[in-house]
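Notes for the one structure printed next.
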Amino acid sequence: MNNAFSLPTRSTGNIMMNVMLALIPGTVLMVYWFGAGIIVNISVIMLVSVACEAFVQMLRQRPATPAILDGSMLLAAWLLGLCLPPGLPLFELIIGAASMSLLGKHVFGGLGQNPFNPAMVGYAVLLISFPKTMTAWISPTEFSQAANAWDSITQATVLDRLRDLERQGLSVYEHTLSPWPWNAINVAWLFGGLYLLARGIIRWHIPIAMLLSAAVAHGLHYWAFPQHTLPPSSMLLSGAMMLGAFFIATDPVTAPSSLKARLLYGAGIGFITVALRSFSNYPEGIAFAVLLMNCAVPLLDRCFVLETKP
């Protein structure tokens, strides 16, 4: 059924190509501040995921080339690579890529059948299995450290450092927590997301609902605990918030079909993300928030009049 909110019909390859184009500015900034390890992450995960794709297609006696060239697994590999610390051991990258491809996608029957976001499945497997190395982000380049006096410890992002201060009962404002590199990277993801909206690749419902929900939830937390919480504006531009809102949560396969359900889906991801950031052992909550809301998608679709998924 066509409606006024329908997106233009596009091939899978065209959609994936546009999303990957939108990822380029943020990826360039991450490489600038965190080094070539980001490219290594993406490259290794792409190679392993392609090998897994070819292996599964061989087992199913299907040609591997069309499945690889549609770009879906390459995009998932790119997203997973961006979420991982540079310098992650090779065997962990292989485990993450295999989990993403086999457990996140093919165990359910392949593209279009998977209920969970494959990149977030790979990330969750790695974070639960290797929590120490998964939080070992290197410090930014010497240039950016000198220019911005940014977090100089090598094992923590701003969100990690914030969690450490909170556990020690120390005030955020008594310590240097300048999240400038992550702010800039998130702005790049935001512009990439606006490009996707302008091109009609995604709709506004999920990202806007997610960001508004996260802002409200974090605003309440900031009001209750101002000494241990960054302002909402800083939190929205930290971690993977914009990447999650525009590139991960909007996955058309694992998101709901109806527009009202998409609003609730996005709002749920935003709320759960802030709850996990504030009260769980993990400083970043995007992956688990997306996976939890993926579980709710069938119920959300059942509660509303279904519309054609673009």
Check your understanding: Between VAL187 and ILE24, what length comes free when the chain is fully extended (0.36 nm per residue of separation minus the Cα-Cα distance, one decimal in nm)?
Key -> 57.4 nm
Review point. What full-extension length gain, to one decimal in nm, is calculated for ILE39 and ARG302 as 0.36 nm per residue of separation minus the Cα-Cα distance?
Key: 90.6 nm
Study note, to complete from the structure: Assertion target for ILE248, ILE15, ordered by fewest C-beta neighbours within 10 angstrom first, is ILE15, ILE248
**Study point:** Cβ-derived FRET efficiency at R0 51 Å, LEU220 paired with LEU69, nearest 0.05
**Key:** 0.65
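Every number here is computed from the coordinates shown, using simple stated rules; none is lab data. These numbers come from a predicted model, not from an experiment. Cβ coordinates were reconstructed from backbone atoms using ideal geometry, including for glycine residues, and neighbour counts include every protein chain displayed.
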